[in-house]
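**Student:** Input: one structure, supplied below.
The values are calculated or read from the model by the stated rules, or taken from the named source; none is laboratory data. Computed from a prediction, not measured in an experiment: that's the story for all the values here. Backbone-built Cβ (ideal geometry, glycine too); neighbour counts: all protein chains shown.
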Amino acid sequence: MAVGVGLAWGAATSGLQTVLPWPFAGLANAVGPWVAPAFVVGALGRRPWAAALAGVLVCFGEVAGYYVTSDLRGFGVNPFWVVLWAGTGVLGGPVLGLAGWAWRRAASLRLAALGAALLGGVFLAEGAVTYAYYLGYVGDAVVFCTLGALLVAVLGATAGAARSARARGVGAAAAWLLLVLPLGVAGELVLHSVLS
């Protein structure tokens, strides 16, 4: 299932890049939307190791789906980019797969809230660093930061361990941003140094 989800989302993002209007076009060509399926599939896993593995498989499927679809659409495929994005899937896939598992299945509110903060934090960091700082695309930055904040709030409130304490779940997820955001910003900066 994880590979199928990845293949479908990778193929969809190749096509969506040419049809999404401003300021939503960035959603088809960004890290946050690519790791979100790893989170979702990880949330379906029953065991942490299975969620981590599923996260990697989703990311590998996305890379394959994206580049096969792009090739079929007549765009060249550079092996460097395939290897680079597959490598980032090895790093980000298990983290977001585990985040999804923790959000849904962890008994501890702290751990469940960390899962919520990780997914929202990816969108927040990408909005601030990639779209606001590097590209200067204010509209895209607002979209990503708004989605990130909404993800933290909604996922924090709906975490499995927060069923009886929705407000505490939101507060715990927001508190985790003190750790998650600096790490996300650092990751974005490293990624941009590799890409340039």
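**Student:** Looking at region 1-83, what helices (runs of 4 or more DSSP H) fall wholly within it and have at least 1 residues that are buried (at least 16 other Cβ atoms within 10 Å of the Cβ) and among the acidic types (D, E)?
**Tutor:** Filter on region 1-83 gives 48-72.
**Student:** Being without any contact (Cβ under 8 Å) to a residue 60 or more places away in the chain and either crowded, with 19+ Cβ neighbours inside 10 Å or outside the structural domain of A173 (by TED's automatic domain parsing) (or both) narrows it down to one of L118, L124, L111, L150, so name that one.
**Tutor:** L111
**Student:** Pick out the one residue from A106, A38 that is aliphatic (A, V, I, L, M), under 15 Å from the mean Cα position of the chain (by Cα) and at negative phi.
**Tutor:** A38
**Student:** Would you call V56 touching a Leu at 6+ places or on another chain (Cβ under 9 Å) and at pLDDT 90 or above?
**Tutor:** no
**Student:** Now for a separate question. Within region 84-141, can you find the residues that are touching a Cys at 6+ places or on another chain (Cβ under 6 Å) and within 21 Å of A43 (Cα to Cα)?
**Tutor:** Within region 84-141, G89, G93, L124 meet the criteria.
**Student:** Return yes or no: is G139 among the small types (G, A, S) and touching a Pro at 6+ places or on another chain (Cβ under 7 Å)?
**Tutor:** So G139 fits the description; yes.
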